[in-house]
Amino acid sequence: ATGGRLLAELGDAEEALYGVLRRRAGGQVAAAAAAARVLLGSPQAVEAVTLPARAAGDRWAFRAVAALLPLAAGDIGGALGRTAFAQASGAAAAVLAWSRGMVDSAALEPMHQANVALHEARASTGCKQYTAAVRAACVAARRAGGWQAAMGLVFRLRTVTDGDAVLGAALRLWEAETLWEAGSERLAAEMLRGLLATLGHVAPTDATAVLQSRVVLTAGEWAERLRSERAEVLWDAYFGRAARLLEDVAAPTAWTGRALHALAGFAARQCDELTAARDDEAAAALRRHKARELAACQQAAGGSRDAARLRALQRRLEAQVAGDRREREALRASIDGFLRLALWALTQSLTASDAFDDDVYTLVALVATHERAPEMQRTLSAGLAPNVPSRKFLPLARQLCGRLGGEGVVAAGVAALARRMTIDYPFHVVPLLLALRNASARRGAPDGGVLERQRSSAAARLVTDAAAAGSELRSVVGTIDSLCGAYIELAAAPVPERMRGPRAEGRVVPFGARLRIAQLFRAPPPGLPVLTAAPRTGAPRDYACVPFVMSAAPGYTLAGGVNLPKITRLLGDDGYRHKQLVKGRDDLRQDAVIQQLFALFNRCMRGPVRAARPLRLRTYQVVPLTPRAGLLQWVDDTVPLGTWFRAHEAAYRPHAPSSAQLRATVHAVHRDADADASRRRAVFDRVCEQAPPIFRFFFFEHFASPPCWYARRDAYIRSAAAASIAGWVLGIGDRHLQNILVDHRSAELVHIDLGIAFDLGRLLPVPELVPFRLTRELVDGMGLLGLDATFRHACHAALHAMRDNARV
């Protein structure tokens, strides 16, 4: 508070307050609330404290808002004004909802303050502000799982409806949504059906049309999940009706994007289900059997003594075959109709709103699955989503560029979209195109056949077209091309013999004078990008968010390994020092795809319920340059688990044999042809007794204070759970201790060398059958409860998140 007063005199208090809140640390939120007392007269101060407090949901946030509420209440009508107090009361309602979900005495005082603030808001502000505050509280309570608190807030609002039919209907919708999320699904669906009948008698306005479309869409989604109606009924009674209601709204609202997203999801799901029914192998086998029976019957009916009976059988079989044909034609027509609707709704949703950008995954999946469908050909004749901003396709740029080189309308649409992305965001897309161009242009690269050569030629044409689109783009493309070529040359450059040897790791080797990278790094030209720093996505052709090279080390450092990869060091204009691992004789394309999937997993794990203790996978940038060379972002402050164990086993197991000796003992019994399974197991158990696990000491070494030790151990457990579930789903193998890093600062695990994935480990000479690595050393770092506490709950949360985002 003293610092806040001091900064207020300097005129920098607001900026200081926002800086504190950006760190999102609990105690600092409370300190910011105290500093907000200095900022009376600034509504932004109230918002700056209440919004992070609402998002944090911890005891410090409760105390922060509790400290602010009496201040705001005492100044109603003064400098803060009614708008700022409405913001504070909204945060108070959210705090009330969060508090009821906590088993903590520290929440009692904020609960009382929030109740007082809500009552004062009702007395001092209009009904609309009070309704907005309680609505925010209801949403926060539902997200926190506080169903009783949410229902209590809805009942509180019923006292101020004052005969407002629209507000009354909205309250019934909120009540039904709360019941649905609480598990009373049938009751909630019945309530919505009654609400639909009530809204039919309300005077039509834009507000009632939007509310009615929301109710209709919600009822349709619930009916689909309950499978209580057929697809045709769902469209006629719910989703199609909602689309017609939205057409009558004069101005688009925030709900429009949500409604289009729901329509697209329904159509895409129906398309998938109908396609699966069409391609069902059992049904196809039955149809073929009927056709063979009919042919046999027609052949036998001519000269048989049982001609009359065979003709009757023939007529019955002809009717069945004709019925199957009509059913397939109707199924094909339904697929085309839902496909057309899905494509329209997805493009409209992506164009109208930024809230559902994950719809791009559904759109691209539909294009890949139904590219031969006539409806897809007609819809994409004008291009693939020409009105959708190209930045929304950047997460799938690698997959879209991989489909270059084909023929037909869909291939032309993909090529047009790739060209648009290349021109708008060259630093994101040009390295991908250069890798495709180089796939068949380098000696020693495996020949991928005709398709790869076509893809390579198409990528080369796109690079040429982008360079011809203007002088600025020509310079950008030329710079990226020169840099990628220099890295490819460096990856292939042999290490001098005098630098090789058993102690080669860590040796510094100067760049050869003839290497192009030496010339580039000696005086980096303007616009030379840091390829391993993921550029943020801004406006098209806005290069301010791209980090560029300011200076570079005049040589490289040798890393460990058989191929001796090289480490380069750069200083970017973003102020960071970047380390890059340049690898030759290694195909990094699959590593890049796995890192992309890890990033998608992190997107799926985002959500209000998981915000307090998030699950995430540590990712790093992978830039394939050719099938035999690539670039990786160096992960700082990490050490391989195997390296850490070897360095610390003598200190924590002073009287035990070394890990090398124990490994030799196990290998010896496995090589013994006379040793049966029981003897091998006995030797393994004896080795485990001689070498107790020691990973718990990692946390004692690096995190001295108890709060820090607990927080980092929790982060480690959640990181291990996320990596285990993601690795199991993606079939990632080769998880030995040198391929798993641990971060000294955060204690999170980082998985590297992801070349064995998608269950390829099962095809190795010694198949890998375990789903993920969960050995006793890793369990030892989880504390006394081991797998039965945080790890198990985190695995459940990860599986639920992946199931909720199955379409992505």
Practice task
Evaluate the following for A243: is it in a loop (DSSP other than H, G, I, E, B) and modelled with pLDDT under 85?
Solution key: no
Practice task
Test V495 against the stated conditions and say whether it is in the same structural domain as P627 (by TED's automatic domain parsing), more than 20 Å from Q621 (Cα to Cα) and in contact with a Leu (Cβ under 6 Å, 6 or more places away or on another chain).
Solution key: yes
Practice task
Only helices (runs of 4 or more DSSP H) wholly contained in region 606-690 count here; list those with 2 or more residues that are under 30 Å from R453 (Cα atoms) and of a type outside the set (A, V, I, L, M, F, W, C).
Solution key: none
Exercise for the section: Please find, within region 514-572, the residue that is nearest to the chain's Cα centre (by Cα) out of those that are at pLDDT below 90 and in a helix (DSSP H, G or I). Expected result: C545
Fill in the blank from the handout: If we keep only residues of region 740-775 that are at pLDDT below 95 and not in a loop (DSSP other than H, G, I, E, B), then the residue nearest to I717 (Cα to Cα) is G761
Completion exercise
Restricted to region 762-787 and to residues being buried (at least 16 other Cβ atoms within 10 Å of the Cβ) and of a type in the set (D, E, K, R), the residue farthest from A629 (Cα to Cα) is D780
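Can you find a residue that is surrounded by fewer than 15 Cβ atoms within 10 Å (Cβ to Cβ) and assigned to a loop (DSSP other than H, G, I, E, B) anywhere in region 483-499?
The answer is yes; a qualifying residue exists.
Given the structure, is R292 loosely packed, with under 12 Cβ neighbours inside 10 Å, assigned to a helix (DSSP H, G or I) and either of a type in the set (G, A, S) or modelled with pLDDT under 75 (or both)?
In short, no.
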Exercise for the section: Run D759 past the list (1) within 30 Å of L631 (Cβ to Cβ); (2) touching a residue at least 60 places away in the same chain (Cβ under 8 Å) and report the number of the one that doesn't hold. Expected result: (2)
Fill in the blank from the handout: Scanning region 322-378 residue by residue, the ones that are closer than 17 Å to D279 by Cβ, of a type in the set (A, V, I, L, M), within 26 Å of the chain's Cα centre (by Cα) and surrounded by fewer than 21 Cβ atoms within 10 Å (Cβ to Cβ) total 2
Handout entry: Candidates R603, R585 - the one that is closer than 25 Å to N438 by Cβ and either surrounded by fewer than 18 Cβ atoms within 10 Å (Cβ to Cβ) or basic (K, R) (or both)
Key = R585
Exercise for the section: Keeping to region 745-780, report how many residues are under 27 Å from the mean Cα position of the chain (by Cα) and among the acidic types (D, E). Expected result: 3
Completion exercise
Of the candidates A445, A415, A385, A397, the one satisfying the condition of being modelled with pLDDT under 85 and crowded, with 20+ Cβ neighbours inside 10 Å is A385
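The values are calculated or read from the model by the stated rules, or taken from the named source; none is laboratory data. Everything quoted here is computed from the prediction, not taken from an experiment. Neighbour counts run over all protein chains shown; Cβ positions are idealised from the backbone, glycine included.
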